[in-house]
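Read-outs throughout are calculated quantities, based only on the coordinates presented, and are distinct from any laboratory measurement. Predicted model, so just to flag it, every value in this text is computed and none were measured. So basically every Cβ, Gly included, is an ideal-geometry build from the backbone, and we count neighbours across all protein chains shown.
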Amino acid sequence: MSADFLYPEVKPRCARRIAVGDGHYLYVEEVGPADGVPVLFLHGGPGSGCTPAQRRLFDPQRFRTVLVDQRGAGRSQPLGALNENTTADLVADLEVVREALGIPAWIVFGGSWGSLLALAYAQIYPEHVLGLVLRGIFLGSQAEIAAYVGGENPGAHQAWHTFSRALGAVASGDLLAACAARVLGDDAGEAERASRAWLDYERTLLGEAPLDRSLDARELAKVRIQMHYLSRHCFLAPGQLLAGVERLRHLPAAIVQGLSDPVCPPKNADALHHAWPEATWFPVSNAGHGGLSPPIARACIKALGWVAECVEVVG
């Protein structure tokens, strides 16, 4: 393992596109031995897609890691498609992938939006989940979305003003509705300008510089998908994921949370841990949101190792 606490770069053992219905084809890749401990990795966003660096969170000698680009995201096709693209659709897709790969059950690892999708999937199919690693908790509540879009999260105030000015919106306006109308509208120039403002807002909160180039197709698709989900309450009922914890109490689970996360602040993780005290708490001091930052990556790798040991002992 390198100084950044990640495993060495590795290429997929195999990669394919799997038809999941409704005209969607998911890009799916596997890393590690076919007889390794199966792990499903769920990317954030929604709409971000997986990256080669995310493979480095997993011991390539121990885990059979399955990385999936969700509907419309990354290398899945058609890129940016919003038809039949809901949380329930994404959950159903994961079962299609699991069955196609012949995996009876797997550990589910998700960060940010991926933590929401991991919870939604596990609550519907607990019999196919060995354990959970959840990082940077997002529960999809209206309060969480409003706090993020409104610049209410810690450290977001200045970045929010830049974002608001870029959209030409006043502080009292509905910035999410204004951004979504532009991103999902028919004016390609307006869509790109709004998408850039949205992405630069997130990048600033992650400690990254604003983009200095035209957006590529994957970035535009990501923002389209995010507007589609966030403007529709992530296709969840209020309190759905916290109420569904009752179906998961028997599973080994780890909650990894940066205590200085300005995107998915610790109060989200606190709410989940309060509802699910059986889950093991992995707080990371002075750490933000980035899943590949050294402190968060180290905690995620440790958490996954702990969940895997629980699974292996039971098995």
* Asked: Restricting segment 19-41 to residues that are assigned to a strand (DSSP E or B) and in contact with a Phe, Trp or Tyr (Cβ under 7 Å, 6 or more places away or on another chain), which is farthest from Pro294 (Cα to Cα)?
  -> Ala19
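Yes/no per residue for (1) in contact with a strand residue (DSSP E or B) (Cβ under 8 Å, 6 or more places away or on another chain); (2) farther than 22 Å from Trp198 by Cα; (3) free of Cβ contacts under 8 Å to residues at least 60 places away in the same chain:
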site	(1), (2), (3)
Ser260	no, no, no
Ala269	yes, yes, no
His273	yes, yes, yes
Trp281	yes, yes, yes
Gly291	yes, no, no
* **Which numbered condition Ala237 fails, given (1) within 30 Å of Gly207 (Cα to Cα); (2) out of contact with any Phe, Trp or Tyr (no Cβ under 6 Å at 6 or more places or on another chain); (3) free of Cβ contacts under 8 Å to residues at least 40 places away in the same chain** => (1)
* To do: Please indicate, with yes or no, whether at least one residue in segment 210-223 is in contact (Cβ under 8 Å) with a residue 40 or more places away in the chain, surrounded by fewer than 21 Cβ atoms within 10 Å (Cβ to Cβ) and more than 27 Å from Ser76 (Cβ to Cβ).
  => no
* Taking segment 229-284, which residues are part of a loop (DSSP other than H, G, I, E, B) and of a type in the set (S, T, N, Q)? -> Ser231, Ser260
* To do: Check whether at least one residue in segment 49-59 is closer than 22 Å to Pro295 by Cα, aliphatic (A, V, I, L, M) and crowded, with 21+ Cβ neighbours inside 10 Å, and report yes or no.
  => yes
* To do: Taking only segment 132-171 into account, find how many residues are on the phi > 0 side of the Ramachandran plot and touching a Leu at 6+ places or on another chain (Cβ under 8 Å).
  => 2
* Asked: Out of all the residues in segment 285-293, is one or more part of a helix (DSSP H, G or I) and not hydroxyl-bearing (Ser, Thr, Tyr)?
  -> no
